[in-house]
Amino acid sequence: MAVENGAAAMAVTVTGTRTVAPAKTKVTLATFDLPYITFYYNQKLLLYRLAPGAGDFQDVTARMADALGDALAYFYPLAGRIRQEKGDGGALYVDGEEGAEVVEAAAEGVSVDELAGEACGEEAERLMQQLIPYTGVMNLEGLHRPLLAVQFTKLKDGLAVGCAFNHAVLDGTATWHFMTSWAELSRGAAAPSVLPVHNRAMARSVRVGLTLPASAEVHEATDPNGPKKPLVARVFSFPEDAVARIKAAANAVLPPGAKPFSTFQSLGAHIWRAVSRARGLGPADITVFAVFADCRARLDPPVPAAYFGNLIQAVFTGVPAGMLLGGPPELAAGMLQKAIDEHDAAAVTRRLDEYEAAPKLFHYSDAGPNCVAVGSSPRFKVYDVDFGFGRPARVRSGGNNKFDGMVYLYPGRGGANGGGIDVELALQPEPMQNLEKDDQFLQVAAA
């Protein structure tokens with residue numbers, strides 16, 4: 001009888017059954033993401049030559065579109081839309097699988113060399129802006145637009161790939177992680193070599209509500225600096241030996257034991273001083289340098305390099321123009337080095353705390369007076385984006401997010417290991433004319 005009672009006590013009774021599905025693809029935007037909701041879609045243009053054996057335009061773009069669908073399965077936030085909890089004033093998140101927008105176009109009278117050459121003029125610049133979608137589209141429109149748009153344009157002897165990414169969803173590091181992964185899949189890889197990390201709570205778990213403007217126009221009307229002024233964009237190519245000379249000049253008189261200035265700090269100082277000269281600033285005029293610094297390794301604990309989202313913060317330093325221009329190159333380089341080194345985990349957290357206590361919708365003018373602001377990085381391997389028919393002949397940015405003094409740095413066309421750097425710069429017309437005639441700036445670039 002004792003055995004029977006024991007058997008009854010050990011009996012298993014099923015009390016319920018259910019089916020568990022995978023977690024939905026909802027991603028809540030982190031505090032790092034929110035400042036960019038009133039910026040514009042980040043635009044990138046890659047120009048490719050197509051050799052005779054590469055296949056025709058339709059075959060090539062069909063293969064790329066198929067690989068894009070595969071890539072979006074891994075980088076799924078780009079396939080969704082931005083949504084807001086509890087209506088206006090709630091936290092923002094990305095959800096859904098509506099997909100990316102793909103456009104096909106033709107400019108068969110234009111060759112790659114006309115767009116990728118060193119001497120491309122105003123007409124080529126204007127044409128390039130037509131090769132990238134979503135010009136003038138603010139990131140907040142991601143509530144009802146795709147978060148990624150791609151335009152394939154058939155050229156006389158090649159292909160233009162124009163991409164527009166919603167900057168509230170990802171930064172430059174994540175952008176080029178996606179691009180290289182898409183290219184890998186297009187070349188036949190079974191999966192990306194580095195998988196993205198989507199857990200944004202690793203960076204910041206605080207949920208911040210925002211009251212969004214009704215439109216981009218409504219937001220821009222509140223800019224205290226008024227309507228945007230006309231700008232001119234130019235690319236200045238600094239070969240490896242020129243970059244080395246700029247760096248050597250900045251480091252020439254450092255005292256023994258001092259920390260050397262990096263390539264970025266040396267070149268950034270060179271650009272900052274040259275732009276300040278070109279603007280004709282007075283000695284007492286304040287000028288600000290801002291760099292959008294990657295914070296993945298700055299956090300404590302660090303966040304993986306494959307974190308897919310925004311993990312950048314603007315780091316600022318400022319000085320009267322008379323001091324900047326009257327001092328030696330190492331003065332400006334030292335200011336950049338100090339500002340960057342001091343932006344540690346504690347500084348990153350303080351900035352997050354400040355934003356969460358008083359969320360703000362930013363304008364470009366918030367970068368500061370007479371600003372030079374640097375985005376992108378020559379460390380990004382933009383020339384390694386090979387979809388199966390070779391490296392791009394040129395990589396450029398679109399017209400979005402280009403304000404007076406905005407700089408995008410890219411590796412030279414030799415790639416990230418080549419040592420050269422392309423400086424893509426936007427200025428008002430008169431300062432740009434002055435810069436193009438500035439021997440102190442150009443003698444290094446032309447040497």
*Among the residues of segment 373-382, is any more than 18 Å from Y41 (Cβ to Cβ), in contact (Cβ under 8 Å) with a residue 60 or more places away in the chain and surrounded by fewer than 19 Cβ atoms within 10 Å (Cβ to Cβ)?*
yes
*asked:* Would you confirm, using the coordinates I've provided, whether P213 is open to solvent by 20 Å² or more (accessible area, probe 1.4 Å) and not hydroxyl-bearing (S, T, Y)?
replied: yes
*Looking at G418, is it at pLDDT below 95 and open to solvent by 10 Å² or more (accessible area, probe 1.4 Å)?*
yes
*If you take the residues in segment 19-64 that are free of Cβ contacts under 8 Å to residues at least 60 places away in the same chain and not in a loop (DSSP other than H, G, I, E, B), which one is nearest to Y364 (Cα to Cα)?*
A62
*asked:* Going by what's in this entry, would G398 be described as out of contact with any Gly (no Cβ under 6 Å at 6 or more places or on another chain) and more than 30 Å from L324 (Cα to Cα)?
replied: yes
*In segment 173-205, which residues are touching a strand residue (DSSP E or B) at 6+ places or on another chain (Cβ under 7 Å) and either under 15 Å from D384 (Cα atoms) or open to solvent by less than 50 Å² (accessible area, probe 1.4 Å) (or both)?*
T173, T175, V197, H198, R200, A203
_Search result, residues across segment 65-89 that are open to solvent by less than 10 Å² (accessible area, probe 1.4 Å), not in a helix (DSSP H, G or I) and not aromatic (F, W, Y)_ = G80, I82
*Give segment 280-296 a look and list any residue that's under 18 Å from the mean Cα position of the chain (by Cα) and part of a loop (DSSP other than H, G, I, E, B), or say none.*
C295, R296
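One line per residue, one yes/no per condition, for (1) open to solvent by 40 Å² or more (accessible area, probe 1.4 Å); (2) in contact with a helix residue (DSSP H, G or I) (Cβ under 9 Å, 6 or more places away or on another chain); (3) without any contact (Cβ under 8 Å) to a residue 40 or more places away in the chain; (4) closer than 20 Å to F380 by Cβ:
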| site | (1), (2), (3), (4) |
| --- | --- |
| R277 | yes, yes, no, no |
| L325 | yes, yes, no, no |
| E342 | yes, no, yes, no |
| V348 | no, no, no, no |
_Between a residue in segment 228-242 that is in a loop (DSSP other than H, G, I, E, B) and any residue that is open to solvent by less than 100 Å² (accessible area, probe 1.4 Å) and modelled with pLDDT of 90 or more, which pairs come within a Cβ distance under 6 Å, given they are 6 or more apart or on different chains?_
K229/Q428; L231/A426; P239/G420
*asked:* Out of the residues in segment 1-55 meeting the condition of being closer than 30 Å to R83 by Cα, among the charged types (D, E, K, R) and open to solvent by 40 Å² or more (accessible area, probe 1.4 Å), tell me which one is modelled with the lowest pLDDT.
replied: K24
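The values are calculated or read from the model by the stated rules, or taken from the named source; none is laboratory data. Since the model is a prediction, treat every value here as computed from it, not as a measurement. Heads up, the Cβs are rebuilt from the backbone with ideal geometry, glycines too, and the neighbour counts pull from every protein chain shown. Note: areas computed on protein heavy atoms with side chains; ligands, DNA, RNA excluded. Shrake-Rupley method; radii C 1.70, N 1.55, O 1.52, S 1.80 Å.
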